[in-house]
1. Look at segment 54-67 and say how many of its residues are surrounded by fewer than 10 Cβ atoms within 10 Å (Cβ to Cβ) and either under 28 Å from the mean Cα position of the chain (by Cα) or at pLDDT 75 or above (or both).
2. If a residue has to be outside any loop (DSSP other than H, G, I, E, B) and modelled with pLDDT of 70 or more to count, how many in segment 5-27 make the cut?
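The values are calculated or read from the model by the stated rules, or taken from the named source; none is laboratory data. This structure is a prediction, so every number in the text was calculated from the model and none was measured. Virtual Cβ from ideal backbone geometry, glycine too; neighbours counted across all protein chains shown.
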Amino acid sequence: MLESLQGTRRVSATARRYGISRSLLLKWRRLFRAEEMKLDRDWTSFRRLWLQIRQRRLIRSCRPAAA
């Protein structure tokens, strides 16, 4: 499936090479891209959370000690 993403007109050639239908390969590509987008969203959410935690720790470390 990844082979079909490497250039233009690769879908038909890749499908023929492995003896599968073009439509099946296209379906796999759509599913792969959807999963890839989901992982990207998850990573973005993780980075936001990580930055919030770092910011809170930084703010706490800058506060003066209580007397």
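1. Step one: list which residues in segment 54-67 are surrounded by fewer than 10 Cβ atoms within 10 Å (Cβ to Cβ), which gives 58-67.
Keeping just the survivors that are either under 28 Å from the mean Cα position of the chain (by Cα) or at pLDDT 75 or above (or both) gives 62.
Residues flagged as surrounded by fewer than 10 Cβ atoms within 10 Å (Cβ to Cβ) and either under 28 Å from the mean Cα position of the chain (by Cα) or at pLDDT 75 or above (or both) within segment 54-67 amount to 1.
2. Start the filter on segment 5-27 by keeping residues that are outside any loop (DSSP other than H, G, I, E, B), which leaves 5, 10-18, 22-27.
Subsequent filtering for residues that are modelled with pLDDT of 70 or more retains 10-18, 22-27.
Residues flagged as outside any loop (DSSP other than H, G, I, E, B) and modelled with pLDDT of 70 or more within segment 5-27 amount to 15.
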